[in-house]
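Below is one structure, written out as structure tokens, with a few remarks after it.
Every number in this text was worked out from the coordinates using simple rules, so none of it is lab data. These numbers were taken from a predicted model, which means no experiment stands behind them. Neighbour counts are summed over all protein chains in view; Cβ atoms, including those assigned to glycine, are modelled from backbone coordinates with ideal geometry.
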Number of protein chains: 2
Amino acid sequence: MLDLEFLFHPQSIAIVGTPRDLSNIAGGAGFLAALIAFGYEGRIYPINPNATEIMGLKSYPDLMSLPETPDYVIACIPATLTPGLIRECGARGVKAVGLYTAGFSEAGEEGEKLEQALAGIAREVGVRLIGPNCMGIYCPATGVSYQRGQSKEPGPVALLCQSGGNSNILALMGRDRGIRFSKIISYGNAVDLNETDFIEYLTGDADTAVIGAYIEGVKGGPRFLPALATAADSKPVIVLKGGLTDAGTRAIASHTGSLATPREKWDSLCRQAGAMQVYNLDEMLDLIVTALYMRPAEGRRVGIVGWGGGASVLNAEACESAGLKVPAFSPGLRQQMVDFAYGPGASISNPVDSPVVTDTSLFSRTLGLIADSGEVDIILVQLPLATPHTVGDAGLWDRARETVLDVSKSLSTPLVAVQPSTAHPESSDVYNRFQHKCADIGLPVYATARDAALAVSRFTEYHALRRSRKTLR
Amino acid sequence: MLDLEFLFHPQSIAIVGTPRDLSNIAGGAGFLAALIAFGYEGRIYPINPNATEIMGLKSYPDLMSLPETPDYVIACIPATLTPGLIRECGARGVKAVGLYTAGFSEAGEEGEKLEQALAGIAREVGVRLIGPNCMGIYCPATGVSYQRGQSKEPGPVALLCQSGGNSNILALMGRDRGIRFSKIISYGNAVDLNETDFIEYLTGDADTAVIGAYIEGVKGGPRFLPALATAADSKPVIVLKGGLTDAGTRAIASHTGSLATPREKWDSLCRQAGAMQVYNLDEMLDLIVTALYMRPAEGRRVGIVGWGGGASVLNAEACESAGLKVPAFSPGLRQQMVDFAYGPGASISNPVDSPVVTDTSLFSRTLGLIADSGEVDIILVQLPLATPHTVGDAGLWDRARETVLDVSKSLSTPLVAVQPSTAHPESSDVYNRFQHKCADIGLPVYATARDAALAVSRFTEYHALRRSRKTLR
């Protein structure tokens with residue numbers, strides 16, 4: 001296994017191809033702006049043969065004229081110039097280059113040839129490549145970033161992502177859901193370092209508790225499956241595969257020059273490895289939140305406590321459609337609920353339509369009873385719609401939310417929450433405040449019952465698989 | 001067919017069982033507060049034997065002491081008192097009563113008996129019932145509302161909804177997506193007026209262009225299918241059925257005392273009728289937006305123009321997974337794109353990864369070319385993630401959005417837009433501003449490609465079915 005630790009701790013970074021004209025924020029200017037905005041504490045060297053200063057930093061004409069060998073080089077020059085650059089890196093002793101430069105295998109036959117030539121040169125001169133056609137490294141602990149707006153706060157989630165754009169969408173949407181990252185690696189066409197190398201590295205990375213991966217084409221060959229299996233055995237691994245459909249296959253070819261894996265083969269490979277699959281970026285974030293915060297459930301039985309009869313019906317159907325079970329509560333458990341709060345005709349046989357959701361004491365007692373009943377493995381709580389102007393006492397909804405936060409810490413059964421909201425700014429505000437509190441205490445929260453049920457079902461399946469494997473050993 | 005027009009134009013409303021204690025905002029106090037907040041221009045009569053004034057309005061001990069016969073009565077009294085109330089309504093000449101009161105067939109055998117007795121009395125004395133166990137009528141044109149926060153502005157969408165809670169979630173989430181309603185009818189257990197009556201009425205309602213329905217149990221018997229088919233023949237009808245799974249079936253029984261329809265039977269019935277099905281409230285709103293704004297497409301071929309290679313891959317897969325087709329563009333069309341903007345290795349064979357999305361002129365030319373090519377029936381545009389702090393020139397993203405708004409009016413092919421966002425307040429702000437503009441000009445917009453693809457696929461299927469039926473006639 002490669003030791004890639006050095007990639008994430010550069011003391012100095014050179015950006016080859018930083019433009020003087022900063023009106024276009026993509027490319028070299030974007031990398032430079034991101035490092036400066038991030039407060040990267042190492043040395044930054046813009047490289048441009050026609051400049052002496054860029055964004056207030058001294059600029060150099062080429063690598064050779066730098067006062068030191070940079071630990072990491074970001075290449076933002078035309079594709080045809082990259083072979084020369086890699087030779088220069090070799091001569092200068094540079095260990096790693098991230099190639100933002102595109103126009104390789106994704107661009108057709110000529111590009112494919114150039115890419116192979118580049119790989120050969122890199123091997124020859126002993127330089128490791130990330131990319132080409134990628135954004136490279138985001139590592140908040142060491143201040144490395146490729147995009148302004150990424151969080152400066154490190155956390156337990158690592159992403160490897162064959163798409164720079166998707167990596168950034170996940171970084172930013174994740175940021176606003178309270179997800180923090182150890183590393184994000186945007187690795188593009190993967191001509192040298194590939195998904196398998198990064199998965200192996202992240203498996204041993206103590207800073208990483210959950211791994212997410214967006215993969216278009218597997219480059220690691222026969223090493224991939226054992227690497228994925230070893231990773232999934234040590235921490236939750238969530239995989240989103242691009243290129244499972246016809247048009248998707250066409251798109252990955254022209255995006256990262258990737259070859260598709262037939263869907264059945266891919267599904268079987270993920271099952272064998274014990275990796276969880278998702279099918280879009282929102283599902284990826286939902287499952288990351290789940291893997292981070294949800295305690296493993298012993299089974300698939302869900303107890304549902306919600307607000308509103310119609311909402312309860314739809315919560316139950318979302319769970320069952322996602323493959324979870326919603327068993328009827330026993331007469332004994334129902335009687336216990338009737339005894340302290342619910343009318344004789346109340347909907348309490350699971351799902352529970354709980355008008356007491358706004359009464360802290362009765363609501364927490366309801367949740368405690370269900371958790372202790374042994375009749376379910378998971379509790380799903382659906383909060384009232386966060387919306388302004390519908391109730392006299394807005395504090396009602398806040399109390400319901402606070403109760404869920406309080407109770408979740410002590411319940412004997414894993415709990416997840418669903419918080420519907422509208423696009424109204426006041427609704428978004430309630431939504432965001434609660435979501436941040438959930439991230440603070442480690443409570444999984446979702447926008448809809450469908451999202452929650454899908455993620456919980458996949459995570460529970462993952463743990464069932466782990467348990468059955470341990471039994472087999 | 002019943003003429004139910006009178007239900008929506010009451011000149012006076014009595015609320016029987018308005019509490020003096022207004023600390024609980026549910027029930028009678030909620031109805032009264034909603035009518036006042038809504039500025040209802042008719043006469044409002046709170047009824048409470050122990051009060052003389054409630055919320056500044058003169059209160060009456062009973063119906064008989066009112067200065068006039070109210071056009072509509074809202075019942076918020078215990079279930080056991082409702083038979084007496086309906087007899088009193090008959091004696092007073094009241095034509096319609098909405099029963100908020102619960103505790104009927106949803107609450108077990110005793111309730112079932114009471115409900116049947118109530119129905120018999122209502123028939124006997126000539127009073128029509130909405131409910132019981134419901135919120136009744138929201139009709140912004142006449143100022144009738146059952147919940148503060150509902151929009152005062154009328155619009156073309158009607159909802160019938162067996163769940164009061166779901167009706168209100170749809171009203172509020174819809175409000176914040178720019179959806180406006182002609183009528184919403186929350187009709188609960190449907191002991192008298194039922195889904196079939198309301199569908200028949202809304203079919204002929206000139207103020208209603210699109211009908212949405214949340215149905216737990218069909219009460220109209222053999223009249224239901226022809227009513228649904230006639231409705232779907234005259235305007236788009238979108239149906240969400242509660243009770244398609246085991247737990248859902250249990251939940252509808254204890255929610256509205258409804259009996260389930262087997263899933264296969266329900267699916268076949270909707271197909272026969274030509275009604276569109278959805279499976280949760282978000283899908284309902286997505287499909288309403290689609291039915292309101294999307295021009296019918298001639299086929300299922302989608303041209304995808306997006307921003308980012310990885311996003312393009314996932315857009316294509318979302319479309320194909322939803323049953324749409326994403327055909328490769330012809331060499332001729334690709335050459336035309338290369339001629340004016342795209343590099344030779346660009347991803348333009350559908351999906352199009354369009355870096356020119358922020359260049360008004362090139363972007364609109366791209367969309368125009370695809371629309372005029374005849375190679376697709378629908379265009380799906382994915383906008384860049386609405387997020388702050390990631391670009392130097394925030395105006396870039398606004399220009400992309402403005403271009404889509406401008407071009408959508410004149411394109412020869414129906415266009416839909418996808419606008420990803422994060423939970424960041426600034427992102428929500430960009431999102432909301434664009435969504436409101438889309439509602440203003442009638443452009444369908446969605447939060448994710450999955451949402452868009454599902455709704456577009458269902459709407460396109462609906463039109464294909466209509467066309468094939470017309471051919472058969």
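At a Förster distance of 45 Å, what's the computed FRET efficiency of B:T360 paired with B:K113, Cβ-Cβ distance as r, to 0.05?
0.10
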When a/c is below 1.5 the answer is rounded, else prolate if a/b is larger than b/c, else oblate, so apply that to segment B:289-403 with a ≥ b ≥ c taken from the square roots of the Cα gyration tensor eigenvalues. oblate
Among the lysines, which fall within straight-line cross-link reach of B:K113, defined as a Cα-Cα distance under 29 Å, with same-chain neighbours fewer than 8 residues apart omitted? B:K95, B:K219, B:K241, B:K265
Label geometry 7 Å along the beta-carbon vector: A:G323 inter-copy distances in nm: 2.3
Per residue of segment B:263-272, what does 6.51 cos²θ - 1.76 cosθ + 1.60 with θ = phi - 60° give for ³J(HN,Hα)? Whole Hz please, x for Gly and Pro, Karplus curve as stated. 4, 4, 5, 5, 4, 5, 4, 5, 4, 4
Looking down the axis that turns B into A, which residue of B has the closest beta carbon, and how many Å out? B:S428, 2
Dipole of the protein assembly as shown (Lys/Arg Cβ +1, Asp/Glu Cβ -1, origin at the Cα centre): which of A:L380, A:L269, B:N166 lies farthest to the positive side? A:L269
Sum of -39500 (n - 2.57) over DSSP H runs of 4+, divided by residues of chain B (222 nm, nearest 500): -13500 deg cm²/dmol
Give, as a single signed number, the net charge of other residues whose beta carbon lies under 15 Å from the beta carbon of B:I36, with Lys and Arg counted +1 and Asp and Glu -1. +2
Tell me the distances, shortest first, between B:R467 and the same position across the other copies, using label points 7 Å along Cα→Cβ, in nm to one decimal. 5.2
For segment B:28-40, what does the Karplus curve 6.51 cos²θ - 1.76 cosθ + 1.60, with θ = phi - 60°, yield as ³J(HN,Hα) per residue in whole Hz, taken in order and with x for Gly and Pro? x, 5, x, 4, 5, 4, 5, 5, 5, 4, 6, x, 3
Kirkwood-based Rg to Rh ratio, segment B:5-141, C-alpha trace: 0.94
Charge tally in the Cβ shell below 13 Å around A:T208, where Lys, Arg are +1 and Asp, Glu are -1, A:T208 excluded: -1
Within-15-Å neighbourhood charge of A:V125 [Cβ basis; K, R +1; D, E -1]: +2
Mind listing the phi-derived Karplus ³J(HN,Hα) values for segment B:245-258, rounded to whole Hz, using 6.51, -1.76 and 1.60 with θ = phi - 60°, and x for any glycine or proline? 10, 4, 5, x, 5, 5, 5, 5, 4, 8, 9, 10, x, 8
Inter-chain shielding of B:331-339 (mean C-beta neighbours from other protein chains, 10 Å cut-off): 0
Which distances in nm, rounded to one decimal and ordered from shortest, link the label point of A:P156 to the equivalent label points in the other identical copies, with labels set 7 Å from Cα toward Cβ? 5.1
Using alpha-carbon pairs under 8 Å, 6+ residues apart, how would you state the relative contact order of chain A in percent? 11
Under a 5 Å amide H to amide H cut-off, with H placed in plane at 1.01 Å, what residues pair with A:V352 once short-range neighbours are removed? A:I304, A:V305, A:G306
What aspartates and glutamates does B:K183 reach when the alpha-carbon gap must be under 13 Å and sequence neighbours fewer than 8 apart in one chain are set aside? B:E5, B:E153, B:D205, B:D207
Once the Cα atoms of helix A:164-175 and of chain A are each reduced to a long axis, what angle between those two axes, in degrees from 0 to 90 to the nearest 10, is obtained? 40
Check the straight Cα-Cα distances from A:K409 and name the lysines below 19 Å, setting aside those fewer than 8 residues away within the same chain. A:K437
